[in-house]
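Written out below as structure tokens is the structure these notes cover.
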Amino acid sequence: MVSLLDRKLLRDLRRMRGQVLSIALVVACGVATNLAALGTWAAFDRSRARYYADTRFADLWAHVHRAPDVVADEVRAIPGVTRVEARIVRDVPLDIDGLEETAMGHLVSVPDGGQPSLNRLYLRVGRMPSPDRPGEAVVSENFAAAHHLAPGSTLPAVLNGRRQVLRIVGVGMSPEYVFVIRPGALMPEDRTYAVFWVNRRTLESAWQMEGLFDDLTLSLAPGTSRARVIDRVDRVLARWGGAGAYGRDRQPSHRLVDGEIQQLAGMARTIPTIFLGVAAFLLNVVLGRVIRTQREQIAALKALGFGPWTLGAHYLKFSLLVSGVGALLGVGLGRFLGGQMMAMYQPYLRFPVLRFELDPRLVVLAVGVSLVASVVGVWRSLSAVMKLPAAEAMRPEAPANYNAQWLDRLGLQRLLTVTGRMLLRDLLRTPLRLLLSSLAVGLAASILVVSHFSLDAIEYLLALQFGLAQREDLTVGFFKPLPMHAVYDLRAVPGVLSAEGLRDAAVRLSSGARERTAAIQGVPPQGRLRRVFDMDARRLDLPERGLVLSSTLASRVGVRPGDLVSLRFVEGAQLRRTARVAAVIDDVTGMSAYMRRASLWSLMGEGPCATGAALRVDPARADDVLRRLRRMPQVASATRSDRMIRAFRQQNTELMAGFTAVLVAFAGVIAVGVVYNNARIALATRSREYATMRVLGFTRGEVAGMLAGEQAVQIALGIPVGLALGRQMAAGVAASMDPELIVLPLVIAPSTYGFAALVVVVAGALSVALVRRQVDRLDMVAVLKARD
């Protein structure tokens, strides 16, 4: 049996179905974003934890030049160390027919005929390499998919200068390479970078390392001090050329995966708050309007014996039903969006099992938060209902104060038309509502600004890094430092217009207890292809002596200009040196160090040499140059800058396109919800005024202009606020990024601001157009008969 109040509630919902739907959609967007982001975050976190546990993901890594296997036993004896895996890790060029770019294989040894004790492989298909068949390998899944490799496929590689055919016997993945990216690359390069797991005997024979290793992985007992173990490991490996042990927090794949997961968690906290805040505001406005127009009904109900708590519960049901409908829509939409987000990330984050599943606890939490937001939003209106005396409710609400406004006293009203004066006076008499409505509209624009920010920032970084700092057409890397005549040989290649030798040196910088591993880039003086620029596109002329550090690296090591920093070079004889910090700059690469090339040679006690070269080539002959470089035994890699940038843009666009489209739709929902509800409320509360204006001779256009003008003012005020708020939110996003991975400058293109404003204006115009029809259908006869 439906009660009297419930029948009234259903009539109110049916009569206001347009407003109810718009608010429900705002709630749905908030719930959907929350569930999609939290669900995706939970799926990644759950899959990662299970994957790490099942495959015994290591806790520490350490690289050495060459060390005998007995050294691994010394590390194993350190208190707290539970497992140690000694292995050989090498990068080799791959010879792939039809591929113009140089491809690189990252070879990781596994025990002959078995799985490693740490970082065990998950095989999609096939088997582990057989101990008595040299050259067998398991290949990483992403590379296999890009080249259609399967068990039985073969791939030529160059192992220590000798060509050897790798026979694929399995396709798999490892917890070390969830995010497979070449060192120094911008994004994963599935076609040109692969991980291979091969029997240790194969690598021992290729590099004459029988009984030796160059890489260690360790696991620790629960509760063990990681810092203490790292110190002990470094002391054991120091005499063997140890580069310094590090934990998961500095393991490349884990850091990238963790960064993506943390971004999802941040999105789950931020964006839903905006939607639910707007929904609470709209519910407060709409319910306040319902209560004002139903004063007489409230009085009659109280006179009939309905108590204040009963009436309060009645109007609370209105809010809860609207939010409940929105929450149910949001659950379905969140499940769909979560699946799409999972598919978007899956090509880059490799887990054996990755499914989006809505945790019932997350659903209950999201729905509960939306309902709480609706209660908070209407609490003020509910209090007014409960406190309103029946006798007072029987009388019409007191008219607004129509005293002279500051506009009238200044005489500025003479500059406006009659309808303009009426419009402005109405807005100025409700400044709080105008402010909150403008802010709600602005939030739609802010969402669009922050959603496009990363694309704008990355475009700026690409223009700065590859338009100013790295101007070469081809970047060449050598297997080891070579005399400068190797660069002169490159200049002789037909099609090469100019070449500059590069000297990069991996080094461990320390000051006191702080230390970081980075690469010092030896930059040619007065170089034309390689130069140093700061984040503001100002070129830096490197000092003749001293080290220039990025601000991120300087802060991590704890040094300032003028300080001395200790250096331990990772390559060769592990030289230890000190250098003075000449300058600190804000650059785009995060963890960078620069010196003049000659100063680096002097610091390392070596003659002129290069680890690579920057080439300017004839565009018409670039492919021919690449083919010649592939045949040079000293060339480890050669990358075309234009193709790398194009691939990066394509991957970045694909990754962001779906996400941006969703946020555009959601921002439109906010704009429509705010403008449409405000317009409907204005029409409901001022229909007599509008109809009277028609009787007095105002045209339909003038009357509709009053309604549209009020919404236009709110949009005009809200857009600048939203753009400024979006910039602040973008600054928060940039600050939340790990600066050791990437530094995002606070750069927002004018087109982004324009697009955000356009979406809000179009959504607002459509909303007003929907309400405009109601203005045209006003019944003037009914107005003339209306009771005063």
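The values are calculated or read from the model by the stated rules, or taken from the named source; none is laboratory data. Model, not experiment: these values are computed from the prediction. Cβ sites come from the backbone with ideal geometry, for glycine too, and all protein chains shown count toward neighbours. In case anyone asks, the SASA skips ligands and DNA or RNA and just uses the protein heavy atoms, side chains included. Shrake-Rupley method; radii C 1.70, N 1.55, O 1.52, S 1.80 Å.
With respect to the stated conditions, Asp69 is in contact with a strand residue (DSSP E or B) (Cβ under 9 Å, 6 or more places away or on another chain) and either of a type in the set (Asp, Glu) or free of Cβ contacts under 8 Å to residues at least 60 places away in the same chain (or both).
To keep it simple, each residue is scored yes or no on (1) closer than 22 Å to Val257 by Cα; (2) surrounded by 17 or more Cβ atoms within 10 Å (Cβ to Cβ).
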| site | (1), (2) |
| --- | --- |
| Leu707 | no, yes |
| Ala712 | no, yes |
| Ile715 | no, yes |
| Gly722 | no, yes |
| Ala734 | yes, yes |
| Asp738 | yes, no |
| Val743 | yes, yes |
| Val747 | no, yes |
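Applying the condition of being assigned to a helix (DSSP H, G or I) and open to solvent by less than 30 Å² (accessible area, probe 1.4 Å) to region 608-644 and asking which residue is farthest from Ala463 (Cα to Cα) yields Leu629. Among what's in region 176-211 and is polar (S, T, N, Q) and in contact with an Asp or Glu (Cβ under 7 Å, 6 or more places away or on another chain), pick the residue that is nearest to Leu118 (Cα to Cα). Only one residue tops the list, namely Asn199. The set of residues from region 491-517 being small (Gly, Ala, Ser) and farther than 15 Å from Met604 by Cβ comprises Ala492, Gly495, Ser498, Ala499, Ser510, Ser511, Gly512, Ala513.
Of the listed requirements (1) in contact with a strand residue (DSSP E or B) (Cβ under 8 Å, 6 or more places away or on another chain); (2) buried (at least 17 other Cβ atoms within 10 Å of the Cβ); (3) closer than 29 Å to Tyr460 by Cα, Leu540 misses just one: (2). Is at least one residue of region 588-597 of a type in the set (Gly, Ala, Ser), surrounded by 17 or more Cβ atoms within 10 Å (Cβ to Cβ) and touching a strand residue (DSSP E or B) at 6+ places or on another chain (Cβ under 6 Å)? Within region 588-597 (the criterion being of a type in the set (Gly, Ala, Ser), surrounded by 17 or more Cβ atoms within 10 Å (Cβ to Cβ) and touching a strand residue (DSSP E or B) at 6+ places or on another chain (Cβ under 6 Å)), the answer is yes, since at least one residue qualifies. Among the residues of region 148-157, those that are open to solvent by 40 Å² or more (accessible area, probe 1.4 Å) and either more than 32 Å from the chain's Cα centre (by Cα) or within 19 Å of Val178 (Cα to Cα) (or both) comprise Ala150, Pro151, Gly152, Thr154. Scanning region 568-607 for residues that are over 30 Å from Ala463 (Cβ atoms), touching a Ser or Thr at 6+ places or on another chain (Cβ under 9 Å), aliphatic (A, V, I, L, M) and at pLDDT below 90 yields a total of 1.
The numbered conditions (1) open to solvent by 30 Å² or more (accessible area, probe 1.4 Å); (2) more than 29 Å from Tyr122 (Cα to Cα); (3) not hydroxyl-bearing (Ser, Thr, Tyr) are all true for Leu35 except (1). Val171 passes every criterion in (1) touching a helix residue (DSSP H, G or I) at 6+ places or on another chain (Cβ under 9 Å); (2) at pLDDT below 90 apart from (2).
Taking region 194-208, which residues are more than 39 Å from the chain's Cα centre (by Cα), of a type outside the set (Asp, Glu) and surrounded by 17 or more Cβ atoms within 10 Å (Cβ to Cβ)? Hits for region 194-208 are Arg201, Thr202, Ala206. Within region 382-389, none of the residues are open to solvent by less than 70 Å² (accessible area, probe 1.4 Å), hydroxyl-bearing (Ser, Thr, Tyr) and modelled with pLDDT of 75 or more. Within the bounds of region 109-116, is there any residue that is open to solvent by less than 50 Å² (accessible area, probe 1.4 Å), among the hydrophobic types (A, V, I, L, M, F, W, C), more than 26 Å from Asp642 (Cα to Cα) and more than 32 Å from the chain's Cα centre (by Cα)? Looking for residues that are open to solvent by less than 50 Å² (accessible area, probe 1.4 Å), among the hydrophobic types (A, V, I, L, M, F, W, C), more than 26 Å from Asp642 (Cα to Cα) and more than 32 Å from the chain's Cα centre (by Cα), one finds at least one in region 109-116, hence yes. Restricting region 209-246 to residues that are surrounded by fewer than 21 Cβ atoms within 10 Å (Cβ to Cβ) and polar (S, T, N, Q) leaves a set whose member that is nearest to Asp59 (Cα to Cα) is Ser219. Given the conditions (1) buried (at least 16 other Cβ atoms within 10 Å of the Cβ); (2) at pLDDT below 90, which single one is not true for Glu176? Every listed condition holds for Glu176 apart from (2). Whether a residue is touching a residue at least 60 places away in the same chain (Cβ under 8 Å) and within 26 Å of the chain's Cα centre (by Cα) was assessed, and Gly326 does not pass this test.
Looking across region 564-587 at every residue that is surrounded by fewer than 16 Cβ atoms within 10 Å (Cβ to Cβ) and of a type outside the set (Gly, Ala, Ser), the one that is farthest from Leu540 (Cα to Cα) is identified as Arg576. Looking across region 433-474, the residues that are β-branched (Val, Ile, Thr) and within 24 Å of the chain's Cα centre (by Cα) come down to Ile447, Val449, Val450, Ile458. When region 41-91 is limited to residues that are among the basic types (Lys, Arg) and under 30 Å from Arg335 (Cβ atoms), the one that is most open to solvent (accessible area, probe 1.4 Å) turns out to be Arg50. Per the conditions (1) touching a Lys or Arg at 6+ places or on another chain (Cβ under 8 Å); (2) closer than 24 Å to Ser599 by Cβ; (3) open to solvent by 10 Å² or more (accessible area, probe 1.4 Å), the sole criterion not satisfied by Leu509 is (3).
Of (1) of a type outside the set (Ser, Thr, Tyr); (2) modelled with pLDDT under 90; (3) in a loop (DSSP other than H, G, I, E, B), Met104 satisfies all except one. Which? Among (1) of a type outside the set (Ser, Thr, Tyr); (2) modelled with pLDDT under 90; (3) in a loop (DSSP other than H, G, I, E, B), the lone unmet condition for Met104 is (3).
Looking only at residues of region 203-246 that are more than 19 Å from Val81 (Cα to Cα) and among the aromatic types (Phe, Trp, Tyr), we find that the one that is modelled with the lowest pLDDT is Trp240.
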